[in-house]
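Quick notes on the structure that follows.
The values are calculated or read from the model by the stated rules, or taken from the named source; none is laboratory data. Being a predicted model, the structure only gives us computed values, none of them experimental. Ideal geometry is used to build each Cβ from the backbone, glycine not excepted, and the neighbour counts take in all protein chains shown. All accessible areas refer to the heavy atoms of the entire protein, side chains included, with ligands and DNA or RNA removed. Shrake-Rupley method; radii C 1.70, N 1.55, O 1.52, S 1.80 Å.
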Amino acid sequence: MDKIRDIKKYISVVEENNDFFKQYYYHSLIDLNLIKLDTILQYGILSKKLIEKNGLSNIYTHFSSDFDSKNGDMFVSLSEYTDDCSFNTMFESFTLHTLTSLSLLINKQIGVSKEGVRQTYFDDEIFCFQSVDKSKIEGIMLPEHLSNLTINQVNCLPNDLSCYTRSYINNWLKCTEEYFRQKIPRNYIDELKVSHEQLWNIIEEYESPEKWIESAIKTQRKEYGKDLKDVLGDILQYLWSLKYGIQNPKYLDIIKMINKQSLPIYEIKEKCLKKVN
C-alpha cells in the first residue's frame with residue numbers, strides 16, 4: 001500500500017493541539033522501516049559519517065546520493081511545526097513527511113541550523129550537526145492510517161528510483177537478514193527476483209523513469225496483481241512474525257514491541273491526538 005499523502009483530515013487536530021506540536025522537532029522515517037526505528041532508539045539519530053564510523057548497517061539511512069543531497073553526510077534532518085505552517089506538501093517537511101510517516105519527537109534543547117551542506121528544499125527543515133542523542137528522543141508519533149495496517153501493507157521503500165536498483169535491493173536484503181539473524185526463505189527471494197524484473201521492464205519504457213517510479217509500481221500491481229513493495233512487505237511480515245511470535249502483526253504492534261524505552265507513542269487521528277501506551 002502506498003503512503004497516504006492526503007493530510008486534510010489531520011489539520012484540525014494539529015491546530016487544536018498547537019502547543020503540543022510546537023514543543024518538538026521531528027525526524028521522520030519516510031520509508032517506514034522499523035529496523036531503522038529499533039536502531040535509532042538504541043544509538044540515536046546519526047549522520048551517514050557517524051553510521052559508517054560506528055560500523056552500523058547502512059539500511060539505517062539512505063545513501064546521500066539517493067536524494068541528490070549531501071546534507072545527510074554530516075547532518076541529521078529535522079522538521080519544525082510553527083505558526084507559519086500552511087500545510088503545503090510542496091514546501092513543508094512537517095506536512096509532507098511528519099503527518100504521513102512514522103516520526104520521532106525530539107527535545108528542542110539541541111543545536112540546530114537552518115542549512116546543512118546545501119540549501120534545503122523545505123521552508124521548515126532544519127539540521128542538527130552529526131547526531132541527535134537518544135536521550136533527546138521523547139516520543140514516537142504516527143498517523144492513524146498507518147497504525148492498523150499489517151506489516152505487509154506498509155510501504156517499505158520511498159518512491160525514489162535509486163531505491164529500486166538491484167544493488168540497493170541486495171543491500172536491503174543483506175541488512176535485513178543481519179538484523180533478524182535469519183535467512184530469508186528461498187521462495188521469497190525467487191518471487192522478489194521475478195517482481196524486480198517485471199518492474200524494471202515497465203520502468204525502462206518511461207522516457208524519464210526517475211519521475212515515474214510511483215506510476216510504474218501502480219502499473220506493475222495492475223498488470224501482475226502484486227508489486228515489488230508487496231513482495232518486500234511479505235518478507236517483513238514473515239520476519240517480524242517470526243521474531244515476536246505474532247500472527248499477522250500490525251504496524252503499531254511491532255512499534256510497541258520495539259519501544260523498550262517505553263517512550264510515549266502518539267497517534268494522530270481524524271478527531272484527536274491519542275496517546276496509545
Accessible surface ranking that places the most exposed of Ile140, Ile30 first, with a 1.4 angstrom probe: Ile30, Ile140
Taking K and R as +1 and D and E as -1, what net charge do the other residues with C-beta under 12 Å from the C-beta of Pro185 add up to? -2
Calculate, in nm to one decimal, what Ser167 and Phe87 gain on full extension: separation in residues at 0.36 nm each, minus their alpha carbon distance. 25.2 nm
Once all protein chains are kept in place, Asp84 shows an accessible area at probe 1.4 Å, nearest 10 Å², of 130 Å²
Can you figure out the FRET efficiency of Arg181 with Leu149, using R₀ = 35 Å and their beta-carbon distance, to the nearest 0.05? 0.85
Can you run the Rg to Rh ratio on segment 141-277? Use alpha carbon positions and the Kirkwood inverse-distance Rh. 1.01
For segment 151-274, report the accessible area per residue in Å² (1.4 Å probe, heavy atoms, rounded to an integer). 53 Å²
Determine the order of Asp230, Asp123 by accessible area, beginning with the largest, at a probe radius of 1.4 Å. Asp123, Asp230
Here the membrane-span-like helices of the chain, with no claim about any membrane, defined by DSSP H, Cα axial extent at least 15 Å and mean Kyte-Doolittle at least 1.0, are none
per DSSP, antiparallel bridges as share of beta bridges in the chain, % nearest 5, sits at 85 percent
Please give the solvent-accessible surface of Met90 in Å², to the nearest 10, using a probe radius of 1.4 Å with every protein chain present. 130 Å²
Name the residue farthest towards the positive end of the dipole of segment 79-193 from the options Thr95, Asn159, Ile110, assuming +1 on Cβ of Lys and Arg, -1 on Cβ of Asp and Glu, about the Cα centre. Asn159
Enumerate the lysines that Lys274 could reach by cross-link, defined here as Cα to Cα under 18 Å, with residues fewer than 8 away along the same chain left out. Lys8, Lys9, Lys22, Lys250, Lys256
Return the distance in nm (one decimal) between the two label points of a simple spin-label model at Lys108 and Asp19, each offset 7 Å from Cα along Cα→Cβ. 1.3 nm
Listed pairs Lys49/Lys218; Lys174/Lys226; Lys174/Lys229 exceeding 25 Å between Cα atoms: Lys49/Lys218
Simple spin-label estimate for Gln247/Lys274, 7 Å along Cα→Cβ, in nm, reads 2.4 nm
What one gets for the chain as the Kirkwood radius, inverse of mean 1/r over different Cα pairs in Å, is 19.4 Å
